[in-house]
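Data first, discussion second: the structure below is written as structure tokens.
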Amino acid sequence: GENVEQHPSTLSVQEGDSAVIKCTYSDSASNYFPWYKQELGKRPQLIIDIRSNVGEKKDQRIAVTLNKTAKHFSLHITETQPEDSAVYFCAANKAAGNKLTFGGGTRVLVKP
Amino acid sequence: NAGVTQTPKFQVLKTGQSMTLQCAQDMNHEYMSWYRQDPGMGLRLIHYSVGAGITDQGEVPNGYNVSRSTTEDFPLRLLSAAPSQTSVYFCASSYLDHSYEQYFGPGTRLTVT
């Protein structure tokens with residue numbers, strides 16, 4: 001089945017610096033790659049997603065890149081702020097359907 | 001438009017007890033799913049449904065049953081709770097064909113003693 005690996009598991013950055021989280025997936029049929037942010041005690045919230053027909057997508061300070069050949073995708077957060085501190089999860093859909101397989105999560109701490 | 005709702009928010013069970021976690025959505029989503037999230041870990045798919053009357057197993061289905069009698073509701077049943085089922089349970093829903101974006105409920109924190 002689909003396997004999604006996420007690195008690093010924890011990431012500490014200085015406010016204003018950039019943060020990068022990387023994920024790899026195994027199912028070559030995957031065509032949808034969302035990123036979720038989860039604050040402590042809250043539900044996961046979608047922050048950005050990318051489909052396999054594009055290589056990059058940006059939304060203000062957040063961007064995602066996708067390399068289908070290498071089967072990896074990355075989340076980039078620029079000009080980090082304390083409110084970016086949270087756990088971030090990547091995911092990939094299985095067999096181009098709705099089922100999502102999640103990575104293990106990255107705990108991001110932005111130090112003021 | 002309430003989105004995805006879950007009840008209860010918290011529950012404590014004794015080993016061997018049974019209970020049902022409720023999930024409902026008002027967005028007319030065909031796809032609904034249940035995940036469990038253990039401390040410091042990602043979300044693992046328990047069961048999912050692509051429409052009323054259709055359910056299937058995810059990665060970790062053992063110990064759980066589901067049914068989907070309506071588009072709106074997707075309850076998760078624990079038949080005989082075990083300490084290994086202590087976790088936070090999230091329900092999620094999405095459209096089936098033209099958007100994969102999944103909306104999550106607020107979660108149910110379950111402790112089995």
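Below are the figures for this structure:
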item	result
Whichever residue in region B:16-70 is assigned to a loop (DSSP other than H, G, I, E, B) and of a type in the set (S, T, N, Q) and, among such residues, is surrounded by the most Cβ atoms within 10 Å (Cβ to Cβ)	B:67
Residue tally, condition touching a residue at least 40 places away in the same chain (Cβ under 8 Å), buried (at least 19 other Cβ atoms within 10 Å of the Cβ) and not in a strand (DSSP E or B), over region B:94-113	3
Lone unmet requirement of (1) among the polar types (S, T, N, Q); (2) within 11 Å of another protein chain (Cβ to nearest Cβ); (3) more than 23 Å from residue A:2 (Cβ to Cβ) for residue B:65	(2)
Single match in A:97, A:103 (criterion: small (Gly, Ala, Ser) and free of Cβ contacts under 8 Å to residues at least 24 places away in the same chain)	A:97
Verdict on residue A:21 being surrounded by fewer than 21 Cβ atoms within 10 Å (Cβ to Cβ), touching a Phe, Trp or Tyr at 6+ places or on another chain (Cβ under 7 Å) and part of a strand (DSSP E or B)	no
Qualifying residue in region B:82-93 (condition: within 11 Å of chain A (Cβ to nearest Cβ), closer than 21 Å to residue A:100 by Cα, part of a loop (DSSP other than H, G, I, E, B) and in contact (Cβ under 8 Å) with a residue 12 or more places away in the chain)	no
Those residues of region B:32-42 which are touching a strand residue (DSSP E or B) at 6+ places or on another chain (Cβ under 8 Å) and either more than 10 Å from chain A (Cβ to nearest Cβ) or at pLDDT below 95 (or both), in sequence order	B:34, B:36, B:38, B:42
Search result, residues across region A:24-44 that are among the hydrophobic types (A, V, I, L, M, F, W, C) and assigned to a strand (DSSP E or B)	A:33, A:35
Residues within region A:92-112 that are touching a Gly at 6+ places or on another chain (Cβ under 7 Å) and either of a type in the set (S, T, N, Q) or in a strand (DSSP E or B) (or both), tallied	1
Subset of region A:45-59 (residues that are of a type in the set (S, T, N, Q), at pLDDT below 95 and either in a strand (DSSP E or B) or surrounded by 14 or more Cβ atoms within 10 Å (Cβ to Cβ) (or both))	A:52
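The values are calculated or read from the model by the stated rules, or taken from the named source; none is laboratory data. These numbers were taken from a predicted model, which means no experiment stands behind them. When we count neighbours, we look across all protein chains shown, and the Cβ atoms used for this are built from the backbone with ideal geometry, even at glycine.
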